[in-house]
Each structure stands twice: as C-alpha cells, then as structure tokens.
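The values are calculated or read from the model by the stated rules, or taken from the named source; none is laboratory data. Computed from a predicted model, the values in this text were never measured in an experiment. Heads up, the Cβs are rebuilt from the backbone with ideal geometry, glycines too, and the neighbour counts pull from every protein chain shown. Surface accessibility is based on the protein's heavy atoms, side chains included, excluding ligands, DNA and RNA. Shrake-Rupley method; radii C 1.70, N 1.55, O 1.52, S 1.80 Å.
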Amino acid sequence: MDFDCNKAGESSAKHCSSICNEGALIQANTLTHWGKAKKWNSLNKLNNPESSHGSLPRVTDPKEDCETGNDATASECSTMCFTDLPSALVCEVLACLDPKGLGVVSCVSTVLQTLATDHQGWKKFYCERWGLPNAPIGPLVPGGVPDGRSWKALFVDREFQSRSFMGRFSVDVLRGHSEDVRTVYLLASANLIFTGGHDSVVRMWNMEEGLLIDESRPFGCTIRAIAADSRLLVTGGSKTFIRCWRAIEGASHLFHLSGIGTTQNSEFRLWGHEGPVTCLALDSTRIYSGSWDMTVRVWDRAEMKCVQKFMHADWVLALAPRGNTVASTAGRDAYVWDIGSGELTTIISNAHVGNAYSVARTHLADMLFTGGEDGAIRLFDVSDISDDENIKPAATWLPHSGPVHSLAFEYPWLVSASSDGRIALIDLRKILTPVNSSKRRFRVKPFDPSNVEPPQRMLHGFGCYLFSIDIGADRIICGGEDGAVRVWNFSEALEIEKKAQALRSLRQENRMRRRKAQVEMNANGRRSEHCSVAMKRNPLKGDKSVTWQIKRAVSDKVKS
C-alpha cells in the first residue's frame, strides 16, 4: 500500500519512524535513498532491452547511488510503508478492524504483530462481549490488565472457551441442601459456586473439585438471590435485609461464610426494603436489589447506602444492569431505567402472557431477553426507542412447556431454566450483525420473528423443576426442587478442541515448511541437477520403449 509522502507529513524524510503503543517504542526502518536508487536502477534495466546481460553488475558507492537516486526521483514522489505512518494514524486504522481482521494484520510482519497484539482494540472487543473481568484482591492499577496477561490473550481464551458448549460434557451433582435450591451463582474467576434455597443456608463450593468449602449459619428465611465478585458477596431472601460479606485478604477462598477461623468481622447487612428481596446484581461501583415492595434500589458500594429507588406497579421479579441503566421485570411488564437521572427510559407492556420471571442483557447491543410464565423467551431491541412506542419482540423462542424461571448470558450463549426440567442454549451470533458505528458495533439482524431458528442445544432428563441457572467459563450451573446442584462440565470438549487445534497448527506448519523448502530448491536450481543426474544413471537416448521393455522383462521373470 503506497501513500503520498506530501500527505503523510514530514516523517518521510527521516530514516526511521517511531511508532508508540502502550508505552512501547518500536523502530520501523523506512526506505532509504540508497534503496530507492537501487529500485530505480532496476526499473531502468527493465525498460532498456539493449542492456548487456552478460556483464557483471557494477559495484558502486552508496553515496553515488544516493546522488543518482536524488536526481532520478526529483520529479517523482517517494513512497513509504504503512508502518512508517505516524503512530496515531496507524492506531486509528487498526481500530476500524474487527477481531478477525486485527488477527490477520498481526501475521503480516513483526512490527504489525507487535502493534496488533498490544492494541487497545482487544480490550474493547473483550468488554463488549463479557464486560470487565473480575479484578483480583488488592489495589487496582488504573488501566492494568488482570493476571498480567494481554487483552488479546484474554479475548482469545474466552472466545476459545465459548466453542466448548456444543461438545461433550459430564454432569456433576453437588448434594448438601435439604430442600429446594432457589438460586445459584458461578464466580468462575475464583473457581467458586454459591447456592441457597429453602433451607436458609448459603453454601460455597469448589467449582473444580465439587467439594463444599464453607456454609453460613441458617438465616431463618428462604434464600432467593445471590450475587458476588472478587470483593463482595451479597444475598437476599424472604426477609427485608441484604446480607453481605467482604472478601478477606489472604484467604484461600475469598469469603468466610461461617465466620469461624478468622478474627475479621467481614459480615454486615443493608436495610431499606420493606418486603422480601427477590433479585440482586453487582458491578464495580453499585449494588442492585429488587423486592416484593415493588422497588428496585441502587446502593453505592463505597458508602453502602441507597442512592436511587425506582417504583414499579407490581412485585419486582428480576433485574439486569448494563452500563448506566438497569432493566427489571414486574408482573407482565419489563422496564429500563436510567440510573443517573432516575427516569424510566423504556417500558414494554405485556411482555409475556403471565408474569415475566426472568431477564438478561448483553454488552454487545442494547437488547433485552425476557422469560415468562408462558414458557417463551423473547428478545426486545430497546435501542433508540421512545417510551410511547409499542415495542414488539424482535424474536421469540418456545423451547419450554413450563414457566422460564431463570435466564443467564455469557457471549455468545443465552441459557434458560424452566419448570419442565429442561435447559435451552441459544447462540446469539445467529441473530446479531456488525454495525460500522461509533455508538454501537452490533444490532439485531432483520428477519421474520415467526421464522426464528430454534435453540442450538437442549439439555434435559432431570425430571424436576429448575429454578435458577448460571453460565461461565466452561460450566453451566443449575439448581432445582430436588435440592441438588448440577454442574455441566464442558472441559472435556475444550481439551478435545485444543488437541484438534494443535494438530491443525502442526499440519499448517509442516505445509509451510515443505513449501519453503520447495521454493528454495527451485531457486537454487537443485531440481534440474537432480533430473540430469537421473538421466545419466538411466540413459534412454530418446527411446521411451526401453523402460517398457525392462518392466516387461521383469514381469516375465516373476511369472516364470
């Protein structure tokens, strides 16, 4: 790709350009005047057919070539490489690419490989799909990368894990609850599972080993909601308060639910609701809670006090925050609220026939997934919609014969749990399309809502009501009325995919090695030498029938 040097700026006159990205300085060698002179000399030879082909090339001084090149190119504009552009312009160009395009660019050269790997576009791609990863315990470094890995490595790992949910799996059953399990939560970054139910006890499990780590004392009420990150655990139930635990620094399992074995008082409560707490959620600065008192409350995590309250017309059954908005369901309706202004931005009336029990959102686009008493899962596009519009579902799935009690989303999978004892997996990539816009990068594809592709996978055969579900990493967690917590482990499919990818990479590397060796052999003339040696060993002198006669004689001897 050639660029006009007059348009590119003064950097073309330098012998090297500096390309800075994320604090790293990369020196990219530009075309020197000597190289340009050699290029013009070769062009002159091609354009002059009377030049002597038998004479050896004249060895000249680079300074002479430089002067000659300056004279020859005085009336022409010099060219420059793409990597010689200013660093800001290179970053702007790379920012226009999608993940696949950015990965292809990284294979072009070592300079572009370094630029594409350290480019902040990978952070944007990651946060669009999965949000910010859970931060480890301890002081956070602004702009830092979790676990010391690059954003590209984090993106590639999560994208690779998302492929495992169509492969093989094993089911582990965690037993410890004596009654219905009403809520489950998976904290994949810490390998922890939290569960609660009618027995009024919150239990913490090891995700990898399936062992019970710790359990709280009985609360005397049904546990209906759990949310957690690496710094805070919150639970809510039939009583009007929210019980919280702070993470303990240096602890092997983050939280001490029982309070035994630690001198730190990490447990506290939040009061404010006037009815049972039905749903909870967390982000880096806020706690969200919904209750049968028909309110959604927003709590500041730094001061641990309520800073916003949203009133509904019915019991609040589910909520899902995204950015500076929070979506909720109450009765048959769904709502979207602006946290900053406290105003209702969108209302979806009669989203379901019966109550809307569950809601989920994605970071990719301004969409809302709801599950209801009618067994349907509906998708609503709530981008650029005023509150007076009658919003119709963009897509509807009917995978269940009973109420959909819970929805969970991790790109690209939306999973649902129903009272019919089945779990549905829906691939969101089937209904999204990229958009070249600075405000949003994805939107819902235009298609007939009545002709929607069914869920890509169904998990069934449990024979009990399923009340809660969560998804993360290569696991799906579900709890039901039999008191058991089921864990679908897709790590086997992940290992199979890793082995298959390693074999594909090895085959590709071998093909490239053989191709390179063949090119070098042809360039060195070794192919013709081998042919001449073979002709000397078996001189046919133009009589091709000799070979046939030799083979005929050999075959006659074998027959005899």
Subject >> Members of the range 180-190 found to be in contact with a strand residue (DSSP E or B) (Cβ under 6 Å, 6 or more places away or on another chain) and either hydroxyl-bearing (Ser, Thr, Tyr) or under 19 Å from Ser230 (Cα atoms) (or both), listed by number >> reply: Thr183, Val184, Tyr185, Leu186, Leu187, Ala188
**OP:** Run down Ala188, Ala153 and say which single residue is under 28 Å from Tyr288 (Cβ atoms) and at pLDDT below 95.
**Re:** Ala188
Original post:
Looking at (1) open to solvent by 30 Å² or more (accessible area, probe 1.4 Å); (2) aliphatic (A, V, I, L, M); (3) closer than 16 Å to Gly342 by Cβ, which is the only condition Met304 fails?
Top reply: (3)
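Condition check ((1) open to solvent by less than 10 Å² (accessible area, probe 1.4 Å); (2) outside any loop (DSSP other than H, G, I, E, B); (3) modelled with pLDDT of 85 or more) across all residues:
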site: Asp384; (1), (2), (3): no, no, no
site: Asp388; (1), (2), (3): no, no, no
site: Lys392; (1), (2), (3): no, no, yes
site: Thr396; (1), (2), (3): no, yes, yes
site: Ser416; (1), (2), (3): yes, yes, yes
site: Gly421; (1), (2), (3): yes, no, yes
Subject >> Top-ranked residue of the range 426-474 - restricted to ones that are modelled with pLDDT under 70 and among the hydrophobic types (A, V, I, L, M, F, W, C), ranked as surrounded by the most Cβ atoms within 10 Å (Cβ to Cβ) >> reply: Phe442
Original post:
Of all the residues that make up the range 325-335, how many are open to solvent by less than 10 Å² (accessible area, probe 1.4 Å) and either part of a strand (DSSP E or B) or free of Cβ contacts under 8 Å to residues at least 24 places away in the same chain (or both)?
Top reply: 6
Subject >> Residue pairs meeting the criteria (Cβ under 7 Å; at least 6 apart or on separate chains; first in contact (Cβ under 8 Å) with a residue 60 or more places away in the chain and in a strand (DSSP E or B), in the range 485-508; second of a type in the set (Lys, Arg) and surrounded by 10 or more Cβ atoms within 10 Å (Cβ to Cβ)) >> reply: Val487/Arg475; Trp488/Arg475; Asn489/Arg475
**OP:** Kindly indicate whether Gly197 is of a type outside the set (Val, Ile, Thr), touching a residue at least 24 places away in the same chain (Cβ under 8 Å), touching a Lys or Arg at 6+ places or on another chain (Cβ under 8 Å) and open to solvent by less than 50 Å² (accessible area, probe 1.4 Å).
**Re:** yes
Subject >> Flag if Leu368 is in contact (Cβ under 8 Å) with a residue 60 or more places away in the chain and either part of a loop (DSSP other than H, G, I, E, B) or under 27 Å from the mean Cα position of the chain (by Cα) (or both) >> reply: no
Subject >> Residues of the range 214-229 satisfying the condition of being hydrophobic (A, V, I, L, M, F, W, C) and either modelled with pLDDT under 95 or within 26 Å of the chain's Cα centre (by Cα) (or both) >> reply: Phe219, Cys221, Ile226, Ala227, Ala228
Original post:
Within the range 296-324, can you find the residues that are at negative phi and part of a loop (DSSP other than H, G, I, E, B)?
Top reply: Arg301, Ala302, Glu303, His312, Ala313, Asp314, Trp315, Asn324
Original post:
So is Leu132 open to solvent by 40 Å² or more (accessible area, probe 1.4 Å), touching a Ser or Thr at 6+ places or on another chain (Cβ under 8 Å) and at pLDDT below 80 or not?
Top reply: yes
**OP:** Please enumerate the residues belonging to the range 249-261 that are open to solvent by 10 Å² or more (accessible area, probe 1.4 Å) and in contact with a Ser or Thr (Cβ under 7 Å, 6 or more places away or on another chain).
**Re:** Leu254, His256, Ser258
